[in-house]
1. Tell me, please, whether a residue that is more than 15 Å from residue 23 (Cβ to Cβ) and either in a helix (DSSP H, G or I) or at pLDDT 95 or above (or both) can be found in the range 38-56.
2. What pairs can you find where one residue is in the range 15-34 and modelled with pLDDT of 95 or more, the other is part of a loop (DSSP other than H, G, I, E, B), and their Cβ atoms are less than 9 Å apart, with a gap of 6+ or different chains?
3. Of everything in the range 61-76, what is part of a helix (DSSP H, G or I) and either modelled with pLDDT under 95 or surrounded by 13 or more Cβ atoms within 10 Å (Cβ to Cβ) (or both)? Give them in sequence order.
4. Does residue 58 fit the bill of being farther than 17 Å from residue 15 by Cα and surrounded by 13 or more Cβ atoms within 10 Å (Cβ to Cβ)?
5. Give 22, 6 a once-over and let me know the one that is within 20 Å of residue 104 (Cα to Cα), out of contact with any helix residue (DSSP H, G or I) (no Cβ under 7 Å at 6 or more places or on another chain) and in a helix (DSSP H, G or I).
6. Give 59, 75 a once-over and let me know the one that is closer than 23 Å to residue 31 by Cα and touching a helix residue (DSSP H, G or I) at 6+ places or on another chain (Cβ under 6 Å).
7. Condition first: free of Cβ contacts under 8 Å to residues at least 60 places away in the same chain, part of a helix (DSSP H, G or I) and within 30 Å of residue 6 (Cβ to Cβ). Can you find one or more residues in the range 87-97 that meet it?
8. Residues being loosely packed, with under 12 Cβ neighbours inside 10 Å and either over 18 Å from residue 35 (Cα atoms) or under 15 Å from the mean Cα position of the chain (by Cα) (or both): count how many of those fall in the range 85-95.
């Protein structure tokens, strides 16, 4: 079971890092998606920092379970908020991305709790 925890955690951390990189570097057209959702450009660096903190917490949490659990809970809340922004804006086309991240964060939480 711990092998699954490692796989999900590493995959999630890699995806979080890529998403943070898109925000930090202001890559188009993804930055336009955030603008269309009503997310101010000034939030992007903060959102990227949260994603990087989540990635670090998920990885360090492989050695210290309480941190991994806390990071997973934080990421779940982050992506629920992201889904809320997409739903509020009626952006169904881009809704799958935060939903996949949410699913991985839930899987990371469940696996980390089970293997703690």
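The values are calculated or read from the model by the stated rules, or taken from the named source; none is laboratory data. Nothing here was measured: the structure is a model prediction, and the numbers come from that model. Backbone-built Cβ (ideal geometry, glycine too); neighbour counts: all protein chains shown.
1. Yes: the range 38-56 contains one or more residues that are more than 15 Å from residue 23 (Cβ to Cβ) and either in a helix (DSSP H, G or I) or at pLDDT 95 or above (or both).
2. Sorted first by the residue in the range 15-34, then by its partner, the pairs are 21/27.
3. Those that are part of a helix (DSSP H, G or I) and either modelled with pLDDT under 95 or surrounded by 13 or more Cβ atoms within 10 Å (Cβ to Cβ) (or both): 65, 67, 68, 69, 70, 71, 72, 73, 74, 75, 76.
4. Taking the combined requirement at face value, the residue does not satisfy it.
5. 6 is the lone residue from the list that is within 20 Å of residue 104 (Cα to Cα), out of contact with any helix residue (DSSP H, G or I) (no Cβ under 7 Å at 6 or more places or on another chain) and in a helix (DSSP H, G or I).
6. Of the residues listed, the single one that is closer than 23 Å to residue 31 by Cα and touching a helix residue (DSSP H, G or I) at 6+ places or on another chain (Cβ under 6 Å) is 75.
7. Yes, there is a match, as at least one residue in the range 87-97 is free of Cβ contacts under 8 Å to residues at least 60 places away in the same chain, part of a helix (DSSP H, G or I) and within 30 Å of residue 6 (Cβ to Cβ).
8. Of the residues in that region, 0 qualify.
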